[in-house]
Amino acid sequence: MRSKLLAVAIAAGLGVASLHVAAEPAQTKKAHKPAASQSQASSSASAEIEALKAQLQALQAKVDELQERTDAQSDINVSTGQNIEAVQKAQVAADKKVSTIDKFVNNTKIGGTMFFDFTNVDHKERGTAGGFADKDGHGSVNGSGFDMKRFYLVVDHQFNDIWSANLTTDFNYVSAIGQTSLFVKKAYVQGKFDPLFTVRLGANDMPWIPFAEKWYGYRFLENTITDRSIDGGRGSPSAAAAGVGSFGNSSDWGIHALGGTTGDNSFNYQLSVVNGRGFRNPSRSKGVDVEGRFAYQPIEEMVLAVGGYTGKRGNDVENGQPTRTATRGNALAMFRNKTFGVGVEYFTANNWDDVLEHAGVSTDPISRKDKANGYSVFADWTFIPQWSVFARYDYVDYKYWLYTNNTQQKLKDTYYNAGVSYDVLKNLRLALAWKYDKLQGPNSAFQYKTNEVGLWGQLTF
């Protein structure tokens, strides 16, 4: 624009000069100058005009060159602007990606829990001669070794104030028998609509066992009584003992509703409708199982809880064997503060192992029915910071009735542990303990006793 104005100004100036030159002959004519002088003046004026034209052309060339440079610079400016705009858009996109990653990271929690031990096991079984002798069996292997009982890896992601998801894997390794497994313990989508109403869809903690473990506090040392497995204990003298494991699942696939309040005079509940086969087996059946729990806390340090279970344990399948209904009831009373804890847990179960009326191609039932009752008493005391002593006693009475003559067979399991624990770190606890388990049965095939002593530990992060 400036170059155009310069050109116009120059042209205007040359035009004025030309008019001035052209006006001189007229003035000369009026003065009656000689013809020769007039001719010389005209020639001089023409020469000046030509010189001015040449200067104008030169200036016009420079103006054109300047215009070309200006246009080129404008193109550069446009290109630079476009590049800046593209960089700004890329920066916005990058910032958005970084913000998305930051949001994902900030809303995702990763943690883990590990149960481990280094112990010596002395397991003895009664033989036909009537005495006890060292023998591997019933879930026990004699000798010393390091066991990775459990390793849970937890990933929890919060989508918004209501929706979240959880994935918990479970790794298990036992060096004595070379067993390694990796499976999903929990995998659910959660909608928390109110503190009193949360829904979880998928594999989730069942209402009773994880709840009792939380109050007990020493799950890394031993399962709670409902979950503790009594290995073997049933069958005939000529066959391997079978049946009588744990009396519940810690996790299962289904729909879970839970909620509650906190503090003194509070309550909480959970109701789960599940497949019934446990988290390791998400198979279908013709019906579903139901487990529930209700707990009341008159003060924050104390809980009174009841629970129950009913269902076919996932055995009511199409074209399957006739089934019975398994039931279980639970109760827990516990007091725990920062220095002292004491509690008692009770359970009763019916047909837990005799859901199927017969096995395989046999038309005879395994047993007419079974019934179990058990209780667990436990306590711990933190006598100085980081140091605690603990003890526990379990008793399980198990009965089953033979199909052949309807005679009752009875098993008794007695278990106890005791030891001292030390909190090395806030998230690392070690316990030096002794465990004893004794099973008595109707004949020598179902009797054993196990002593285990060593170091147990729990690591969380």
Flagged in the stretch 276-302 as within 21 Å of Ser251 (Cβ to Cβ) and outside any loop (DSSP other than H, G, I, E, B), in numbering order, are Asp289, Val290, Glu291, Gly292, Arg293, Phe294, Ala295
List the pairs whose first member sits in the stretch 425-452 and is under 26 Å from Thr407 (Cβ atoms) and in the same structural domain as Ile230 (by TED's automatic domain parsing), whose second member is part of a strand (DSSP E or B) and small (Gly, Ala, Ser), and whose Cβ atoms are under 9 Å apart, counting only residues at least 6 apart or on separate chains?
-> Tyr448/Gly137; Tyr448/Ser140
When the stretch 103-140 is examined, which residues are found to be within 20 Å of Phe220 (Cβ to Cβ) and either in contact with a Gly (Cβ under 9 Å, 6 or more places away or on another chain) or surrounded by 14 or more Cβ atoms within 10 Å (Cβ to Cβ) (or both)?
-> Gly112, Thr113, Met114, Phe115, Phe116, Asp117, Phe118, Thr119, Asn120, Val121, Gly139, Ser140
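To keep it simple, each residue is scored yes or no on (1) exposed (fewer than 14 other Cβ atoms within 10 Å of the Cβ); (2) modelled with pLDDT of 95 or more; (3) among the hydroxyl-bearing types (Ser, Thr, Tyr); (4) more than 20 Å from Asp394 (Cα to Cα).
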position	(1), (2), (3), (4)
Ala418	yes, yes, no, no
Lys435	no, yes, no, no
Gln440	no, no, no, no
Ala445	no, no, no, yes
Asn451	no, yes, no, no
Leu455	no, yes, no, yes
Thr460	no, yes, yes, yes
Is at least one residue of the stretch 66-85 in the same structural domain as Trp434 (by TED's automatic domain parsing), outside any strand (DSSP E or B), among the polar types (S, T, N, Q) and at pLDDT 75 or above?
-> no
Does the stretch 266-275 contain any residue that is assigned to a loop (DSSP other than H, G, I, E, B) and under 30 Å from Gly441 (Cα atoms)?
-> no
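The values are calculated or read from the model by the stated rules, or taken from the named source; none is laboratory data. These numbers were taken from a predicted model, which means no experiment stands behind them. All Cβ positions, glycine included, derive from the backbone under ideal geometry; neighbour counts span all protein chains shown.
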